[in-house]
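Heads up, the thing below is written out as structure tokens.
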Amino acid sequence: MAHTAPVHSVPRSRASATPATRWAALALLAGIVYGLWACAIRRDGGPITTGNVMLGVVGGLVFAALMLALHRVASALPREPRALSWAAFAGIAFGFLYSLGGASVLRSTVMALVVAAGVFAVTFYRYYTTE
């Protein structure tokens, strides 16, 4: 009669992250990048001021919070409103950064609409093909 060796499970050194934790980390990282980018645009090579730092911190926190909230809400929407919500988020975020560079309101709006149209096309295509 053949005997087999006992099977020992390998203990995991750390627990795997849940999708919600991954999205929260991604939103936080994106918020940091967005805040630093906004701060750098507003600074325009001048000295670092309290106003620039506050703009970066508040802008990054708002961006991260809205991104995380949109991710939670958008997953329950049908594909068209979901793609439209991500497109509006991307267009508004880009338009704000573009306006910090000193562009006119009309030019910032047009550029934001162009970015939003591109994001809508990509996200709608992805949601349409993966349903």
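A compact table of results
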{"quantity": "Helical segments meeting 15 Å axial Cα length and Kyte-Doolittle 1.0 threshold in the chain (DSSP H)", "calculated": "50-74, 105-130"}
{"quantity": "Overall form of the chain per C-alpha gyration tensor (a/c, 1.5; a/b vs b/c)", "calculated": "oblate"}
{"quantity": "Debye, to nearest 20: dipole size of the stretch 19-131, +1 on Lys, Arg Cβ, -1 on Asp, Glu Cβ", "calculated": "80 debye"}
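Values quoted throughout were computed directly from the atomic coordinates according to the rules given, and no laboratory measurement underlies them. Keep in mind that what you see is a predicted model, and the values were worked out from it rather than measured. Virtual Cβ from ideal backbone geometry, glycine too; neighbours counted across all protein chains shown.
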